[in-house]
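Presented below is the structure to which this report refers.
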Amino acid sequence: MAVWLVTGGSGFLGRQVLEALGDSGAQGESNAEVVALGRNRPVLGPHHRFIAADLTDPERLRIALRDERPDFVIHTAGRTPPATEDELYRSNSWATVHLLDALRSLGKPMRIVLTGSAAELGPVKVELLPVGEDYPADPVDAYGRSKLIATRSGLAERPPLEVVAARVFNVIGPGLPPTQAFGAFAARLAEPGPDPLDLPVGPLDTRRDFVDVRDVARAMIALALRGRSGQVYHVGTGRSRAVREGLDRLIDWSGRSVVVHHDRALVRRNVIPDSRADIRRIEADTGWGPSIPFQTTLGDLWEEARSRQPTDRSRTPAA
């Protein structure tokens, strides 16, 4: 019986990993066990279990895992901006180190997939895009540095732990929090209120490799099963799109009159103009590839945002 342990199961990506695992694991075993670990209890399937544990408390984490025997671990817990630098290092870097220490203490072989970020790379010249895994990482902010520390800590492990790092590009889709651009846009556009709507925005011409959260969940499972230990894998779509393209679609679906204005407070330092993943390694080693089109992803995000509102102000996105 394979035991799957998922950290951060109540988070944006973790929820999708738990759903993708379902009640029978990733290989269809009738008696697979799925265990969610974290501070907050996620929505669980009838045969899932939950372990309450704080990854930033190493002693209690070790106690919580003492009787567990996971075969696969998918580590999705962590923090993203606008968390403070201290929060980023504590929740991304140190929490990963504590988790690896606790898992090593169990003394059994297991496959571990860490959730990294394209922010680990820092700026990449346009002529070098799409960027591969061998590009030298040089992050420019605390988030990227905190994730790179976690990645390098994992890759330094030795058997019985087998660690794979998924360097994930820009994840979007249903459940995207309003701290992220498209999550904020959808929430504002879905809110009832007078037209025209005044919508503050950051840079709209920056380009990102937007990948659906459900595709990323499948990638994490594929890497647990077939990824090579000690390797980094880029997870994206292989193409980039301007933020403006997604915003225009959301505005169109909302049916609202919108006045977009540039807000300097929404501009982060060291803005990277373009980011795009070379995904040939993960395709070759696992057979995984993105399957959900950008428009479908945005449409599902929009439908979820408007379903939270008491008043329907919008049109259903076209297929």
Just a yes or no: is a residue in the range 220-228 closer than 20 Å to F182 by Cβ and small (G, A, S)? no
So P178, is it without any contact (Cβ under 8 Å) to a residue 40 or more places away in the chain and either under 21 Å from A83 (Cα atoms) or not charged (D, E, K, R) (or both): yes
Going by what's in this entry, would R239 be described as of a type in the set (K, R) and surrounded by 14 or more Cβ atoms within 10 Å (Cβ to Cβ)? yes
Read through the list (1) of a type outside the set (S, T, N, Q); (2) in a loop (DSSP other than H, G, I, E, B); (3) modelled with pLDDT of 95 or more; (4) closer than 30 Å to I279 by Cα, then give the number of the only condition that E29 fails. (3)
Any residue at all in the range 100-121 that's of a type outside the set (A, V, I, L, M, F, W, C) and at pLDDT below 95? no
Quick one: P177 ticks every box in (1) within 27 Å of A277 (Cα to Cα); (2) more than 21 Å from the chain's Cα centre (by Cα) bar one, so which box is it? (2)
Complete set of residues in the range 45-55 that are buried (at least 16 other Cβ atoms within 10 Å of the Cβ) and out of contact with any strand residue (DSSP E or B) (no Cβ under 6 Å at 6 or more places or on another chain): L55
Here are some conditions: (1) touching a helix residue (DSSP H, G or I) at 6+ places or on another chain (Cβ under 6 Å); (2) at pLDDT 95 or above; (3) aliphatic (A, V, I, L, M); (4) under 13 Å from M220 (Cβ atoms). L88 meets all but one. Which one does it not meet? (4)
Please verify whether the range 13-24 includes one or more residues that are in contact with an Asp or Glu (Cβ under 6 Å, 6 or more places away or on another chain) and modelled with pLDDT under 95. no
Assess whether L204 counts as being closer than 16 Å to A242 by Cα, among the aliphatic types (A, V, I, L, M) and part of a loop (DSSP other than H, G, I, E, B). yes
Pairing a residue in the range 249-272 that is on the phi > 0 side of the Ramachandran plot with any residue that is assigned to a loop (DSSP other than H, G, I, E, B) and among the hydroxyl-bearing types (S, T, Y), where Cβ atoms lie under 8 Å and the two sit 6 or more apart in sequence or on different chains, gives G255/S314
Regarding D209, is this residue in contact with a Phe, Trp or Tyr (Cβ under 7 Å, 6 or more places away or on another chain) and of a type in the set (D, E)? yes
If P178 satisfies all but one of (1) within 30 Å of E303 (Cα to Cα); (2) modelled with pLDDT of 95 or more, what's the number of the condition it fails? (2)
Going by the structure shown, is R158 outside any helix (DSSP H, G or I), more than 20 Å from the chain's Cα centre (by Cα) and modelled with pLDDT under 95? no
If A137 passes every condition in (1) within 21 Å of the chain's Cα centre (by Cα); (2) not in a loop (DSSP other than H, G, I, E, B) but one, which one does it miss? (2)
If L199 meets every condition in (1) part of a helix (DSSP H, G or I); (2) in contact (Cβ under 8 Å) with a residue 40 or more places away in the chain; (3) over 22 Å from the mean Cα position of the chain (by Cα) apart from one, which number is that one? (1)
In the range 101-123, how many are surrounded by 19 or more Cβ atoms within 10 Å (Cβ to Cβ) and closer than 17 Å to R269 by Cα? 4
Take R167 and decide whether it is out of contact with any Ser or Thr (no Cβ under 6 Å at 6 or more places or on another chain), assigned to a helix (DSSP H, G or I) and within 25 Å of Q16 (Cβ to Cβ). no
What residue, of R226, R214, R158, is without any contact (Cβ under 8 Å) to a residue 24 or more places away in the chain and over 22 Å from D263 (Cα atoms)? R158
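The values are calculated or read from the model by the stated rules, or taken from the named source; none is laboratory data. Here the structure is a predicted model, which means the values were calculated and not measured. Ideal geometry is used to build each Cβ from the backbone, glycine not excepted, and the neighbour counts take in all protein chains shown.
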